[in-house]
Amino acid sequence: MPALTSLTDEARIAFDTVTGRAANLFSPSLRLGVSGLSRAGKTVFISALVHNLMHGGRLPLFEAQKSGRIAKAYLQHQPDDAVPRFQYEDHIAALVQERIWPASTRAISELRLTIEFESASAWNRMFSAGRLSLDIVDYPGEWLLDLPLLGKSFDQFSREAFELAELPVRSELSKKWRAHTRSVDPDASADETVARQLFEAFADYLRACKHDERALSTLPPGRFLMPGDLEGSPALTFAPLPPGGQPSKPGSLRAVMARRYESYKTHVVKPFFREHITRLDRQIVLVDAMQAINAGTAAVADLERALTEILDCFRPGRGNPFIDLFSRRIDRILVAATKADHIHHTEHDKLEAIVRRLAERAIARADFSGADVEAVAMAAVRATREGTVKNGRETLPVIIGTPMDGETIGNETFDGKTETAVFPGDLPDKPSLLFKTNGAPGDQHDSELRFVRFKPPKLEESAEGLTLSLPHIRLDRALQFLLGDRLA
């Protein structure tokens with residue numbers, strides 16, 4: 001893909017990296033990026049990770065915890081004062097006390113968790129302080145989808161936006177915006193009212209794509225859905241236009257839109273890439289494959305497209321000691337399918353195969369230069385337990401939990417209070433069946449699936465009356481991949 005940075009950007013990145021490496025000599029740290037598209041569970045993942053490490057959670061596959069080498073883990077002040085703090089205490093209160101899922105990530109935030117441990121190596125114990133500061137950086141995955149824009153002109157961005165909008169799964173949703181675009185003359189003098197109307201129609205189309213029944217993922221520009229303090233600014237008041245064959249006339253609508261698009265890249269996208277993405281050491285990308293599978297094969301194909309673009313924007317790989325002084329590389333990337341507790345454990349291997357297939361094209365296309373990439377099916381917080389029910393002579397594996405208020409299966413609507421057993425159905429034996437589509441809305445695979453959202457669990461108590469940590473599925477495996485080597 002085209003370069004995302006200029007020589008000036010690279011010089012600033014190198015300076016920041018050298019400064020960070022110098023600080024790291026006295027206080028070892030690891031920056032972990034946590035991202036994923038909307039409702040993939042970023043906030044829940046971070047909260048569960050911190051809660052389990054601070055409260056000695058059940059993590060049998062996390063070697064440092066299993067062997068008793070972690071003395072304690074505690075929160076400290078984060079190193080970046082200008083970045084909002086991840087409100088861990090509020091999110092845990094929502095999960096544990098109110099049994100509601102915390103609010104979704106709307107902007108970037110950060111949290112520092114310091115882990116004191118004993119190295120498994122006598123040599124390392126002689127030279128290491130036995131302390132690692134884990135700086136967790138939480139940011140919306142939608143913002144990652146903006147990074148490819150750095151290498152695209154306004155005409156290229158517009159052409160790709162119209163190609164996506166005309167796909168069968170999107171054509172009805174984009175109809176109003178495309179009609180509005182056809183009604184204006186891009187080469188006429190710019191009018192602010194027209195520019196805002198085009199932006200609003202385009203943003204409405206993107207929001208419609210995000211709804212559950214479509215569950216589409218490729219929705220740049222990301223700040224159109226999560227504007228934050230930029231709402232109403234000219235840098236966010238633009239929309240794609242049909243590419244023109246001639247250079248833009250000065251003062252025309254096309255020229256204004258192109259200028260604002262470039263301002264968006266300069267003042268919004270590039271600082272995010274330079275100040276946050278280029279400083280990461282490890283990355284986890286959370287994927288709500290369940291929602292896409294529920295919506296049909298067109299949504300699965302769109303999720304694959306989005307994940308490919310996201311993974312293509314990282315700086316993966318391993319350098320050498322000299323290069324590492326000036327440029328950080330993400331040497332481990334974990335792609336995690338969340339909400340594995342929504343299906344029976346006998347289906348987990350299939351879910352893992354699906355997320356591996358989703359990331360396959362990106363891994364094949366990108367130059368990972370020695371970076372380790374893994375896929376896992378997990379649930380950072382397990383909201384269900386498993387059981388069986390009799391259906392005639394057949395015994396069905398079910399999951400048992402409390403569906404959220406308003407969730408439905410068939411003609412049954414749940415009240416958010418009643419526990420129930422659900423047979424979620426079977427995932428396809430071959431992941432490829434989910435990727436066969438003509439792009440039409442409602443395209444479905446042969447498997448009948450029933451995925452509903454469940455409330456967070458009520459925490460169990462030990463025999464001594466102590467409240468246990470948040471239950472999970474394979475959070476320990478994720479921690480071992482992301483942190484295990486740094487705590488060895």
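Laboratory data are not the source of any read-out in this text; all were calculated from the coordinates shown. Nothing here was measured: the structure is a model prediction, and the numbers come from that model. Every residue, glycine as well, gets a Cβ built from its backbone with ideal geometry; the counts of neighbours run over all protein chains shown.
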Subject >> Inter-probe distance in nm under a simple model that places probes 7 Å from Cα toward Cβ, at Lys72 and Ser432 >> reply: 5.6 nm
Subject >> Interchain or long-range residues, amide H under 5 Å from Arg85's placed H >> reply: Glu110
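How large is the charge dipole for segment 147-271, taken about the Cα centre, if only the Cβ atoms of Lys, Arg (+1) and Asp, Glu (-1) carry charge, to the nearest 20 debye? Walk me through the intermediate numbers first.
Numbers: 18 positive and 16 negative charges, 40 e Å.
So the magnitude is around 200 debye.
Counting pairs of alpha carbon atoms under 8 Å apart in space and at least six apart in sequence, what relative contact order in percent does segment 147-271 give? Intermediate values should be presented prior to the final figure.
Details: 114 pairs, mean separation 47.6, N = 125.
Reported as a whole number, the value is 38 percent.
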Subject >> Exposure proxy ranking, count of Cβ atoms within 10 Å, fewest first, for Trp101, Trp143 >> reply: Trp101, Trp143
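Kindly put Lys72, Lys66, Lys350 in sequence by how many other C-beta atoms sit within 10 Å of each C-beta, fewest to most.
Working: Lys72 11, Lys66 14, Lys350 17.
Taking fewest neighbouring Cβ atoms as first place, the list is Lys72, Lys66, Lys350.
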Original post:
How compact and how long is segment 373-426, expressed as Rg and Dmax of its alpha-carbon atoms in Å?
Top reply: 13.6, 44
**OP:** Tabulate in residue order the Karplus-calculated ³J(HN,Hα) for segment 49-59, using 6.51 cos²θ - 1.76 cosθ + 1.60 with θ = phi - 60°, rounded to whole Hz; enter x for Gly and Pro.
**Re:** 4, 5, 4, 5, 6, 6, 10, x, x, 7, 10
Original post:
For the residue pair Gln87 and Asp185, what label-to-label distance in nm results when each label sits 7 Å from Cα along the Cα-to-beta-carbon direction?
Top reply: 5.1 nm
Original post:
So what's the gap between the Cα centers of segment 209-270 and segment 281-295, to the nearest angstrom?
Top reply: 25 Å
**OP:** List, in order, the whole-Hz ³J(HN,Hα) value for each residue of segment 428-434 obtained from phi through the Karplus relation with A = 6.51, B = -1.76, C = 1.60 and θ = phi - 60°; use x for Gly and Pro.
**Re:** x, 5, 10, x, 4, 5, 7
Original post:
Can you give the charge dipole size of the chain about its Cα centre, rounded to the nearest 20 debye, using +1 on the beta carbon of Lys and Arg and -1 on the beta carbon of Asp and Glu?
Top reply: 680 debye
Original post:
So if R0 is 41 Å, what FRET efficiency would Ser233 and Glu394 give, r being the distance between their Cβ atoms, rounded to the nearest 0.05?
Top reply: 0.10
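Under a Cβ-only charge scheme (Lys and Arg +1, Asp and Glu -1), can you give me the dipole magnitude of segment 125-196 about the Cα centre, in debye to the nearest 20? Could you put the intermediate results ahead of the total?
Working: 10 positive and 13 negative charges, 74 e Å.
Using only the charged Cβ atoms, the result is roughly 360 debye.
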**OP:** Would you work out which of Gly245, Ile277, His267 lies farthest towards the positive end of the dipole of segment 243-287, given +1 charges on the beta-carbon of Lys and Arg and -1 on that of Asp and Glu, about the Cα centre?
**Re:** Gly245
Original post:
Mind checking the log10 I(q)/I(0) for segment 147-271 at q = 0.20, 0.21 Å⁻¹? Debye, one equal scatterer per Cα, no solvent, two decimals.
Top reply: -1.22, -1.35
Original post:
So what is the relative contact order of the chain, in percent, for Cα pairs below 8 Å that sit 6 or more residues apart?
Top reply: 19 percent
Subject >> J(HN,Hα) series, segment 282-296, from Karplus relation 6.51 cos²θ - 1.76 cosθ + 1.60, nearest Hz, glycine and proline x >> reply: 9, 8, 10, 10, 8, 10, 8, 5, 4, 4, 5, 4, 4, 7, x
